[in-house]
Amino acid sequence: MTLPPGHRHLADTSERALVCSCTACALLFQRPGAGDGRYRAVPHRYLVDPGQELGEAAWATLRIPVSTAFVLRNSALGQAVLCYPGPAGATESELEEPLWRSVFQDNRLAATLEADVEALLMHRAQGSIRCFLVPIDICYELVGRMRLHWRGFDGGAEAHAELDAFFATVTDRARVLSKEAAV
């Protein structure tokens, strides 16, 4: 079966991979525990929490060496994983629980994050660090874009333009996290 553009994705939690899915199959795996929890439908929500931007101290604590990173809770590993998109793909770094808590304990987006299927996407630009909750497949789309367009040591103009366009789309799609969302 050929899937159309814009098809859905499932997270294969045991293989730590994404698989393509038709809409009907994705709907079957939206319920917690469906398929013994191996497959989980990747949701479509994009959230932002104004006033909850990460500070420079948090960025330094995470030791992020680049302008863009994402963090996800990986159920197979039982911990958070920090990823950096670059010319070789996604570089992963396991994030110990005490470090995760120290940086994100009061972050409402982190409290809302669904393991394996969503990520906190962080971007440091123009004097601020923006944080979005996004579907995990979008983060890997960014990884693919960076691999495709990266040139030279710092990525080059084409990769920077792709990064700007990507974050413009994420910003446009992001909805403000409701006041009722609790930490």
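Listed conditions (1) within 27 Å of Arg31 (Cα to Cα); (2) surrounded by 15 or more Cβ atoms within 10 Å (Cβ to Cβ) are all met by Ala76, apart from (2). Ala11 fulfils the conditions (1) under 19 Å from Glu141 (Cα atoms); (2) exposed (fewer than 12 other Cβ atoms within 10 Å of the Cβ) except for a single criterion, (2). Going residue by residue through region 44-51, is there one that turns out to be in a loop (DSSP other than H, G, I, E, B), touching a residue at least 60 places away in the same chain (Cβ under 8 Å), open to solvent by less than 70 Å² (accessible area, probe 1.4 Å) and not small (Gly, Ala, Ser)? Yes; the residues of region 44-51 include at least one that is in a loop (DSSP other than H, G, I, E, B), touching a residue at least 60 places away in the same chain (Cβ under 8 Å), open to solvent by less than 70 Å² (accessible area, probe 1.4 Å) and not small (Gly, Ala, Ser).
Within region 19-43, the set of residues being touching a Leu at 6+ places or on another chain (Cβ under 7 Å) and surrounded by fewer than 19 Cβ atoms within 10 Å (Cβ to Cβ) comprises Val19, Cys20, Cys22, Ala34. Suppose we filter region 150-161 for residues that are without any contact (Cβ under 8 Å) to a residue 60 or more places away in the chain, closer than 15 Å to Gly89 by Cα and surrounded by 13 or more Cβ atoms within 10 Å (Cβ to Cβ); how many remain? Counting residues in region 150-161 that are without any contact (Cβ under 8 Å) to a residue 60 or more places away in the chain, closer than 15 Å to Gly89 by Cα and surrounded by 13 or more Cβ atoms within 10 Å (Cβ to Cβ) gives 1.
For region 80-89, filtered to residues that are outside any loop (DSSP other than H, G, I, E, B) and modelled with pLDDT under 90, the residue that is farthest from His123 (Cα to Cα) is Gly89. Of all residues in region 137-149, those that are closer than 18 Å to Tyr46 by Cβ have Cβ atoms under 6 Å from Cβ atoms of residues that are of a type outside the set (Val, Ile, Thr) and in a helix (DSSP H, G or I), 6 or more apart or on another chain, in Leu142/Phe166; Arg145/Glu162.
Of the residues that sit in region 96-111 and are assigned to a helix (DSSP H, G or I) and more than 16 Å from Ala57 (Cα to Cα), which one is modelled with the lowest pLDDT? It comes out as Glu97. Within region 167-183, identify whether any single residue is assigned to a loop (DSSP other than H, G, I, E, B), buried (at least 16 other Cβ atoms within 10 Å of the Cβ) and either within 15 Å of the chain's Cα centre (by Cα) or aromatic (Phe, Trp, Tyr) (or both), and answer yes or no. Yes, some residue in region 167-183 is assigned to a loop (DSSP other than H, G, I, E, B), buried (at least 16 other Cβ atoms within 10 Å of the Cβ) and either within 15 Å of the chain's Cα centre (by Cα) or aromatic (Phe, Trp, Tyr) (or both).
The values are calculated or read from the model by the stated rules, or taken from the named source; none is laboratory data. What you are looking at is a predicted structure, and each value in this text was computed from that prediction instead of being measured. Please note: Cβ atoms are built from the backbone with ideal geometry, for glycine as well, and neighbour counts cover all protein chains shown. Heads up: the accessible areas ignore ligands, DNA and RNA and are worked out on the full protein's heavy atoms, side chains in. Shrake-Rupley method; radii C 1.70, N 1.55, O 1.52, S 1.80 Å.
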